Amino acid sequence: MRKSWNFSPYQTASLERLLQRLLAAFERNSAALILPADAKALYVRAKRPADIATLPAAALQCLQYVPLKDGDIAICNDPFAGGTRLADVSLVTSLTIDAPDESFDLLLAVRIPFPPRMTLSGTLEAEGVRIPPMPLGNSGRLNREILNVISQAPLAPADFTKTIEATVTRMETIRRALKASGRDPNSDLRKSVCRRYLQDCKAACKTVTSRLTLGETTVTTNLEGGELLKLRLEIIDDKVIFDFSGTETSSTMQMTELTTFGACYQALCAVVGHELPANAGTFQLLEVHTPARAWINAKSPAATTRGAGDGMALVSSTVLKAFARMNEAYRVGASAVSACRVQFVFADGRLFSDTTPGGTGATRECPGLDGWNLWLDRDTEALPTESAETSFPLMVKSVTPRAGSAGRGRWAGGQGISKSYCLMAPARMTWALEQVNEKAEGAEGGKPGVGCEILVQHEGGHGEKIKLATQGELDLRPGDIVRVHSGGGGGFGEPSTEENKSV
Amino acid sequence: MSCKLGLSVGESFAELASADTTSHDSTSHGSTIDPVRWFLPRRNLTEGLREAIGARLAQGGQIHVASTLAQHAFRRRMGAIPAFLVTTGFEHWLGLQGPVLPETPSLQPKRTGRPLNEDLIFGISERLRGDGSVDEALNPADLEFLMSKLELLKTKTIAVGLLHADKNPQHEVLIKNYFHERGFTVYCSHEFSAGESVGLTAETRGELDRWLKTIEAAYVWSALTDLRQQIDDALTPNREKWDIQFHSADILRYVAKAEFAPAARNSQTCPYLHLGLERFALLLPDTKSIPGQPISQSNGKSSGQPSIDVTALHPQTLAVQPTSAIEHGFWPVPLPTSSARGFEPGPMAFGKSLQPTVLDVLFALDRLEPIDGVSTLLNEKSRARIFETLFTLAKGIPGVTSIDPRAIALDLETTITDLLNNELVLHSLSGEIRLSGALARSFAPLLEKRRPDLRFRLIEKAEWAEARACCIPMESR
């Protein structure tokens, strides 16, 4: 190589920027590069925290079951083969980097989030079509027969074929760019630099985590159904240990062990206040222990859609609680956990799925944010109203901040959102809420936010609003109105006396 | 002999060039002037323009103006802030959908790009269905009530964003007519097509995109009116001898047009790397990037307001910018950030700032070629301070006891060049790449060294690409 770098971090940072820029081309999709020879994640661009550890795992699972040569493509969505939930489909392709001095292989993995199907049955198959690791194409060409078979399955996502085709085209572009970069004699895309990048990441990450307070603490949280989530957080010299021993099983909330890892990782990133690179180098600093049969270590054929949403948020929120107990600098008002997901399945089979994010907790320096899920996937962004109304027989009547939902304090928490839907055709609604009764706590004297709820007003029901249970299914008729109120974030600091008087 | 001039007004710099300049020697061409650039915080647009035109003021001519005001007006809330009328129930919708930063998990997320304060957003009782049919008719009595509120706010510009107005604009048209008759300038969302917009990600479509564009237009109209006033002042007392044409909000659109259009006719298109003082961008010769005629333009003499084009194409902004700050992040070495800091307080080389930027690295290493209007701003004494700051930023490198600040600057220079090259890699570019912009000459040797397999060619008068390109739409019409 031409470069005479004075300091190794410049070379590894430059490699990182190259990978970052190339994978950014996938926009909303998470993407990852894996060194198959070492079975290590080289770079993960996780748009959603659930993908941090699961996407590299899915790529390696595909490689294990599908002999991938340069340009071959594999597909899978099985949560128990490196996935998160059935709606999240992974595509994996292999590429050989023909560098002037050596050649080496990479796996390029991309995850496509389709609208998730939520069920209360607790079984995986009810949530969609399950795709184990299987070949999908050779030399950049798709096997359309396989694609057609999957897309014609009864619970296959809408626009499946079109979306996969578009993503494969983009993967091919990035694959070509990576190969071209490998041929460039001045490029940093070299096996030796990749390996040093992982070492440098680990070292740099250790510098960051060494500022954490050493010690240990145990915190607990309860699910809406009463099941326990128990975490012992221990910070020693070069490790952050998340031990979930004592966490119970749950019939309604399930998530995979690797999704739990992602939840811990994102909470750690939030605490250290840095964008830690997600790769095998930095992953080594975390140790996550999840007991067998606990809801955070679900086994096939458990349904994982709720776990990959509200479950993740609950774990991250609990991890933050543990950090705050060890060091008051991390004390903030808690954020509303539930994404308040509701789905309407219309008579023709169309699935409308939407979330209503709650408020975030206030911090020492600023109030919380209205309607933003701190811990959840970025795909919880609501659909544009016009798109929803054009594609589905419903009207969104209003979307407003939920007055009075924020926890009071020196800084108030973020407000939840009130969203109303009016059905224009019969539909079956499914919903599941979390933290209805256990509200987002305030910090340092701040008050808790108001919990979430869903109300239904039936057409011809004389305006009576019926509050729904925390989860369930309900048949709706045209004219019925569904009001979703997400929870508010916790406040920070004692509310002012003036405010107390007025309240 | 009258002049035809291109005036490019950026956030911090303005540049003026003749459309038909073939030489910088003004004495040889009666209809041309020396191209000139000036730093707006030191000399305002009126003064700079008057001085640049000088004795030709009385001769008159044409001035083609393009400005990045569209981007800045929105972000910096320049001009008069408009009121926004929206379907009742969605008064907060735009604000709630603003991008949240940082993108990574943070305990203090912040929503950015909120276009308006909520007290300037008003709900209108009306509703259209997804197919454009009327669910709830607009009640004109509501507009009278709203009129009194707007009068109290003393706003004269209104943006209107109603749901599904693109399918049925009748309610928006009613509102527009009502307020237009009462002296308001009204922009309606059905007048704007879908596509990417400032402050929204590409995947966020639908009403939000259209509404943002409508608000942008309202902001920009006001800001452009101020701009036009400054130009009018500069041309006084010979204003009537000058024809002023306002063009697209994005100057780079014209840089692309100026170079792509003739090349496309010969089937010889190649990508452009624009390395301007305020912005680095890549322009690709595909159908999306080749602009057609300006969507709207108006003659300054005949029209009451300058037309604007906020639907201009979006050249791809690069991950490194001329004023990207050099900071210490996760890595234990100083590195350039992705966002531009602009020229307030400016690079350290200008003598006021304490934080080095990409421009400072080039200046410290003596790589900056002379740039008209910039060279005089550079303070030689600041070179030592830049190295000193880089030394301080690099002090934390573990295991390194002796640091040579020049070596750090050289590593940074390589990193900056790599960041530019990443864009070329992403698009698998090969063959010839044309360079334009005031910094193109400074970067050309670095790029040639980094990518010897590519041919980098400076376009004619690359330094003045932005001002010269302003005249192109009229010439090619």
Margin query: From the list B:V361, B:V425, B:V374, exactly one residue is under 17 Å from B:A319 (Cβ atoms), buried (at least 17 other Cβ atoms within 10 Å of the Cβ) and away from chain A (no Cβ under 12 Å). Which is it?
Written below: B:V361
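Per-residue answers, yes or no, for (1) within 14 Å of chain B (Cβ to nearest Cβ); (2) closer than 18 Å to B:P102 by Cβ; (3) crowded, with 24+ Cβ neighbours inside 10 Å; (4) out of contact with any Cys (no Cβ under 7 Å at 6 or more places or on another chain):
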| position | (1), (2), (3), (4) |
| --- | --- |
| A:L22 | yes, no, yes, yes |
| A:E27 | yes, yes, no, yes |
| A:R48 | yes, yes, yes, yes |
| A:D51 | yes, yes, yes, yes |
Check: Out of all the residues in the stretch B:428-445, which are within 12 Å of another protein chain (Cβ to nearest Cβ) and either under 29 Å from B:S375 (Cβ atoms) or hydroxyl-bearing (S, T, Y) (or both)?
Finding: B:S428, B:S430
Notebook entry, point to check: Does at least one position in the stretch A:148-161 carry a residue that is in a helix (DSSP H, G or I) and under 26 Å from A:P49 (Cβ atoms)?
Noted result: yes
Notebook entry, point to check: Name the pairs whose Cβ atoms lie under 8 Å apart, with the first residue in the stretch A:349-372 and facing chain B (nearest Cβ under 7 Å) and closer than 30 Å to A:A425 by Cβ, the second crowded, with 24+ Cβ neighbours inside 10 Å and of a type outside the set (V, I, T), and 6 or more positions between them or separate chains?
Noted result: A:G371/A:P357; A:G371/A:G358; A:G371/A:G359; A:G371/A:G414; A:G371/A:Q415; A:G371/A:G416; A:G371/A:S486
Next item on the list: Working carefully through the options A:G333, A:G358, A:G307, A:G311, find the one that is under 25 Å from B:W211 (Cβ atoms) and either surrounded by 23 or more Cβ atoms within 10 Å (Cβ to Cβ) or in contact with a Cys (Cβ under 7 Å, 6 or more places away or on another chain) (or both).
Entry: A:G358
Notebook entry, point to check: Residue check, A:I454 against (1) more than 23 Å from the chain's Cα centre (by Cα); (2) within 30 Å of B:S106 (Cα to Cα); (3) in a loop (DSSP other than H, G, I, E, B); (4) of a type outside the set (G, A, S), all met but one. Which one?
Noted result: (3)
Next item on the list: Go through A:K206, A:K179, A:K202, A:K191 for me and flag whichever is farther than 24 Å from A:D105 by Cα, in contact (Cβ under 8 Å) with a residue 24 or more places away in the chain and surrounded by 14 or more Cβ atoms within 10 Å (Cβ to Cβ).
Entry: A:K206
Margin query: B:K167 - would you say it is basic (K, R) and touching a residue at least 12 places away in the same chain (Cβ under 8 Å)?
Written below: yes
Margin query: Criterion first (modelled with pLDDT of 90 or more, buried (at least 19 other Cβ atoms within 10 Å of the Cβ), away from chain A (no Cβ under 14 Å) and at positive phi) does B:G61 satisfy it?
Written below: yes
Notebook entry, point to check: Which of the residues spanning the stretch A:229-248 are at pLDDT below 95 and either out of contact with any helix residue (DSSP H, G or I) (no Cβ under 8 Å at 6 or more places or on another chain) or surrounded by 15 or more Cβ atoms within 10 Å (Cβ to Cβ) (or both)?
Noted result: A:I236, A:D237, A:K239
Next item on the list: Select from the stretch A:209-254 the residues that are at positive phi and without any contact (Cβ under 8 Å) to a residue 60 or more places away in the chain and list them in ascending order.
Entry: A:G226, A:G246
Next item on the list: Kindly provide the set of residues from the stretch B:394-422 that are more than 7 Å from chain A (Cβ to nearest Cβ) and under 26 Å from the mean Cα position of the chain (by Cα), ordered by number.
Entry: B:E413, B:I416, B:T417, B:L420, B:N421
Note to self: Condition first: under 18 Å from A:L55 (Cα atoms) and of a type in the set (A, V, I, L, M). Now tell me which residues in the stretch A:280-299 satisfy that.
What the structure shows: A:A280, A:L286, A:V288, A:I296, A:A298
Next item on the list: Say whether the condition of being more than 20 Å from the chain's Cα centre (by Cα) and modelled with pLDDT of 95 or more is met by at least one residue in the stretch A:107-116.
Entry: yes
Check: Where residues in the stretch B:142-172 are facing chain A (nearest Cβ under 10 Å) and over 17 Å from B:T88 (Cβ atoms), which of them is surrounded by the fewest Cβ atoms within 10 Å (Cβ to Cβ)?
Finding: B:K167
Notebook entry, point to check: Could you count how many residues in the stretch B:377-388 are part of a helix (DSSP H, G or I) and either within 14 Å of chain A (Cβ to nearest Cβ) or more than 30 Å from the chain's Cα centre (by Cα) (or both)?
Noted result: 4
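Please go through the stretch A:203-231 and give me each residue that is more than 12 Å from chain B (Cβ to nearest Cβ) and among the β-branched types (V, I, T), ordered by number. Break it down into steps so the answer makes sense when it comes.
As a first pass, look at the stretch A:203-231 and keep what is more than 12 Å from chain B (Cβ to nearest Cβ): A:211-231.
Answer for the stretch A:203-231, where residues must be more than 12 Å from chain B (Cβ to nearest Cβ) and among the β-branched types (V, I, T): A:T213, A:T217, A:T218, A:V219, A:T220, A:T221.
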Notebook entry, point to check: Just wondering, is there one or more residues in the stretch A:154-162 that are surrounded by fewer than 19 Cβ atoms within 10 Å (Cβ to Cβ) and of a type in the set (V, I, T)?
Noted result: yes
Next item on the list: Could you tell me which numbered condition A:F392 fails, if it satisfies all but one of (1) within 11 Å of chain B (Cβ to nearest Cβ); (2) more than 21 Å from A:D88 (Cβ to Cβ); (3) crowded, with 23+ Cβ neighbours inside 10 Å; (4) aromatic (F, W, Y)?
Entry: (3)
Note to self: What's the total number of residues in the stretch A:186-202 that are within 12 Å of another protein chain (Cβ to nearest Cβ) and closer than 23 Å to B:K449 by Cβ?
What the structure shows: 4
Next item on the list: Residue by residue through the stretch B:1-42, note down the ones that are modelled with pLDDT under 80, more than 18 Å from B:E460 (Cβ to Cβ) and of a type in the set (V, I, T).
Entry: B:T27
Margin query: Just to be sure I understand, how many residues within the stretch A:59-90 are assigned to a strand (DSSP E or B), within 21 Å of A:A303 (Cα to Cα) and out of contact with any Asp or Glu (no Cβ under 8 Å at 6 or more places or on another chain)?
Written below: 4
Note to self: Within the stretch B:87-141, take every residue that is of a type in the set (D, E), surrounded by fewer than 18 Cβ atoms within 10 Å (Cβ to Cβ) and not in a strand (DSSP E or B) and give me the one that is farthest from the other protein chains (Cβ to nearest Cβ).
What the structure shows: B:D119
Notebook entry, point to check: Out of all the residues in the stretch A:395-417, which are surrounded by fewer than 23 Cβ atoms within 10 Å (Cβ to Cβ) and more than 9 Å from chain B (Cβ to nearest Cβ)?
Noted result: A:A403, A:G404, A:R410
Notebook entry, point to check: When you go through A:A59, A:A39 one by one, which is the residue that is away from chain B (no Cβ under 12 Å), in contact (Cβ under 8 Å) with a residue 12 or more places away in the chain, within 24 Å of the chain's Cα centre (by Cα) and surrounded by fewer than 21 Cβ atoms within 10 Å (Cβ to Cβ)?
Noted result: A:A39
Notebook entry, point to check: Only one of (1) modelled with pLDDT of 95 or more; (2) over 26 Å from the mean Cα position of the chain (by Cα); (3) not hydrophobic (A, V, I, L, M, F, W, C) is not met by A:S496, so which one is it?
Noted result: (1)
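The values are calculated or read from the model by the stated rules, or taken from the named source; none is laboratory data. As the structure is a computational prediction, the values presented were derived from the model and not from experiment. Cβ sites come from the backbone with ideal geometry, for glycine too, and all protein chains shown count toward neighbours.
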